[in-house]
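The block underneath contains the structure these notes are about, expressed in structure tokens.
The values are calculated or read from the model by the stated rules, or taken from the named source; none is laboratory data. Remember, it's a predicted structure, so these values are computed and weren't measured experimentally. Every residue, glycine among them, receives a Cβ derived from its backbone with ideal geometry; neighbour counts consider all protein chains shown.
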């Protein structure tokens with residue numbers, strides 16, 4: 001039944017449809033004109049108001065224009081979260097240019113590959129990433145003239161004042177480029193347009209009841225969809241204030257919440273586990289946080305987290321980096337990641353899936369068979385005129401694979417999320433697992449394919465490698481298990497191998513477990529068995545090792561060590 005929130009959502013949806021000239025830059029301009037002195041950000045204990053944020057965006061636009069950046073060009077940003085980072089994004093969008101939000105955890109060839117995928121004409125390097133850039137630059141390909149700008153020098157060259165550029169920008173044009181590891185191949189670039197971003201932002205504001213006097217808090221990097229299309233979007237839609245924290249710190253989280261008078265924050269599954277695992281203290285209820293925007297809250301933690309930390313509302317949100325649709329747990333049902341219906345609109349379906357053959361099940365007429373309540377199936381999100389999938393940049397094959405046509409009737413189109421979900425009553429869904437060679441760990445989506453590729457590049461004793469995600473009791477997401485096949489007669493130099501992984505992978509991508517396989521068959525043929533057996537030495541008769549996070553080395557996984565991992569005496 002339609003309510004006032006639904007009506008507000010539909011009004012905004014129609015507004016964006018009827019006003020294609022309304023873009024992100026327009027939204028900021030409106031707020032700055034209405035309340036220029038209102039704080040937009042609190043960053044390093046300093047307040048930056050909306051007027052200054054808008055002015056800075058125009059200055060960056062003027063600067064980039066003077067460097068030859070024009071509509072359609074891409075500028076890659078290798079920077080940490082800051083108001084200037086977002087001002088650059090908005091400034092570029094006012095030129096019709098696109099900011100590629102580079103994942104700052106990447107190293108060497110992987111960092112170079114991500115930058116190159118977006119085909120930028122320019123790269124802006126933050127001062128914290130000078131060394132990382134130096135190690136990646138020789139592998140990076142840029143569009144001519146391929147300019148590299150270092151952030152301190154860029155700031156020194158900013159004009160003292162600048163007007164908003166007179167460039168025609170439409171809301172169906174790209175706003176930013178994000179990156180995803182999901183799918184059948186390696187990393188891909190996803191264009192996010194103004195329309196989808198603005199609608200997502202307003203959807204979060206409406207259904208989370210965010211007001212302009214809210215103070216949000218985020219430690220999630222903006223290169224993550226949950227940071228850019230979650231925390232930043234919620235702040236802009238509600239015209240409120242956002243505290244930018246440098247990193248997630250479990251020991252100072254609630255201190256910061258109290259210090260900055262935070263009223264809501266956006267968190268991911270593992271964050272909630274870490275916070276709840278701390279010893280109870282007076283800080284648990286001293287803060288003023290009343291709402292949590294959640295991505296991956298465990299069902300068994302939902303009520304206990306609310307009660308312990310005095311949280312009134314937890315709004316679970318499911319979204320893809322491709323931004324085809326956004327599903328919301330409207331009734332705050334524990335364990336549900338969203339509902340297939342929003343404001344009377346059907347956003348997607350769950351269809352039956354044959355796990356052994358890795359394919360969706362179709363009926364005799366060639367149409368997908370919808371799952372019944374309590375069945376597990378693949379989530380498909382509907383693609384429409386205003387909920388489109390833009391496709392991956394320069395990856396037409398993967399784009400075509402992810403778009404399904406004539407799924408339930410002739411001519412319809414759906415985006416295949418490759419996510420297994422369980423359908424519940426009233427069209428609510430519960431996340432089960434990802435089907436692709438990706439897994440979630442430490443709140444990040446990891447490409448198993450790319451981690452295996454790095455392992456195989458440790459030239460010498462390694463014949464083949466396969467990486468899968470496996471369940472570990474007490475941890476959110478799935479830990480990486482690398483199955484390694486050595487050349488006959490060869491041994492692994494563990495010290496050099498660990499150094500190789502640390503030099504090429506961010507910490508959260510280093511596999512938690514290593515299994516040395518002696519199989520004569522291809523590793524991929526045994527993938528299901530590796531996932532099923534996990535790291536239990538009772539089942540695995542081959543050598544097993546676990547990465548001890550404190551010692552930063554691999555230890556042979558005996559029964560005693562196995563128990564220590566389960567009891568968290570050995571930290572992954």
query: Within the group 552, 543, 563, which residue is surrounded by fewer than 17 Cβ atoms within 10 Å (Cβ to Cβ), modelled with pLDDT of 85 or more and on the phi > 0 side of the Ramachandran plot?
result: 552
task: Working only within region 14-33, note down all residues that are out of contact with any helix residue (DSSP H, G or I) (no Cβ under 8 Å at 6 or more places or on another chain), in contact (Cβ under 8 Å) with a residue 40 or more places away in the chain and either crowded, with 19+ Cβ neighbours inside 10 Å or in a helix (DSSP H, G or I) (or both).
output: 17
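Does residue 322 satisfy the criteria of being buried (at least 22 other Cβ atoms within 10 Å of the Cβ) and either at negative phi or at pLDDT below 95 (or both)? Working first, answer last.
Working: buried (at least 22 other Cβ atoms within 10 Å of the Cβ): yes; either at negative phi or at pLDDT below 95 (or both): yes.
Answer is yes for this residue.
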query: Does region 128-150 contain any residue that is closer than 24 Å to residue 23 by Cβ, out of contact with any strand residue (DSSP E or B) (no Cβ under 8 Å at 6 or more places or on another chain) and in contact (Cβ under 8 Å) with a residue 40 or more places away in the chain?
result: no
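Here's a check for you: in region 372-386, which residue that is farther than 17 Å from residue 435 by Cα and over 24 Å from the mean Cα position of the chain (by Cα) is surrounded by the most Cβ atoms within 10 Å (Cβ to Cβ)?
Initial filter on region 372-386 (farther than 17 Å from residue 435 by Cα): 372-374, 382-386.
Of the ones still in play, those that are also over 24 Å from the mean Cα position of the chain (by Cα) are 372-374, 385.
On the way: 372: 10, 373: 12, 374: 9, 385: 7.
Checking each candidate, the answer is 373.
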task: Can you confirm whether region 54-72 contains a residue that is over 30 Å from residue 256 (Cβ atoms), assigned to a loop (DSSP other than H, G, I, E, B) and under 23 Å from the mean Cα position of the chain (by Cα)?
output: no
query: Quick check: is even one residue across region 95-102 in contact with a strand residue (DSSP E or B) (Cβ under 8 Å, 6 or more places away or on another chain), without any contact (Cβ under 8 Å) to a residue 40 or more places away in the chain, over 18 Å from residue 32 (Cβ atoms) and surrounded by fewer than 21 Cβ atoms within 10 Å (Cβ to Cβ)?
result: no
Residue under evaluation residue 11, criteria (1) assigned to a helix (DSSP H, G or I); (2) assigned by TED's automatic domain parsing to the domain that holds residue 163; (3) surrounded by fewer than 18 Cβ atoms within 10 Å (Cβ to Cβ), criterion not met: (2)
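For region 113-227, which fully contained strands (runs of 3 or more DSSP E) count at least 2 residues that are at pLDDT 95 or above and either farther than 20 Å from residue 415 by Cβ or assigned by TED's automatic domain parsing to the domain that holds residue 448 (or both)? Break it down into steps so the answer makes sense when it comes.
On the way: elements: 122-125, 147-150, 174-180, 188-193, 215-218.
By residue number, 122-125, 147-150, 215-218.
Is it true that residue 40 is closer than 30 Å to residue 261 by Cα and out of contact with any strand residue (DSSP E or B) (no Cβ under 9 Å at 6 or more places or on another chain)? Steps first, please.
Numbers: closer than 30 Å to residue 261 by Cα: yes; out of contact with any strand residue (DSSP E or B) (no Cβ under 9 Å at 6 or more places or on another chain): no.
So residue 40 does not fit the description; no.
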- prompt: For region 275-301, how many residues are at negative phi and surrounded by 18 or more Cβ atoms within 10 Å (Cβ to Cβ)?
  reply: 10
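Within region 511-524, is even one residue under 30 Å from residue 335 (Cα atoms), crowded, with 16+ Cβ neighbours inside 10 Å and free of Cβ contacts under 8 Å to residues at least 40 places away in the same chain?
Going through region 511-524, the residues under 30 Å from residue 335 (Cα atoms) turn out to be 511-513.
The next check asks that each one be crowded, with 16+ Cβ neighbours inside 10 Å; those that pass are 511-513.
Those left that are additionally free of Cβ contacts under 8 Å to residues at least 40 places away in the same chain: none.
Within region 511-524 (the criterion being under 30 Å from residue 335 (Cα atoms), crowded, with 16+ Cβ neighbours inside 10 Å and free of Cβ contacts under 8 Å to residues at least 40 places away in the same chain), the answer is no, since none of the residues qualifies.
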statement: Over region 210-238, the set of residues within 15 Å of residue 90 (Cβ to Cβ) and out of contact with any strand residue (DSSP E or B) (no Cβ under 9 Å at 6 or more places or on another chain) is 233, 237
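Residues are listed down the side, and each one gets a yes or a no for (1) within 18 Å of residue 296 (Cβ to Cβ); (2) in contact (Cβ under 8 Å) with a residue 60 or more places away in the chain:
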| position | (1), (2) |
| --- | --- |
| 431 | yes, yes |
| 435 | yes, yes |
| 441 | yes, yes |
| 448 | no, no |
| 451 | no, yes |
| 458 | no, no |
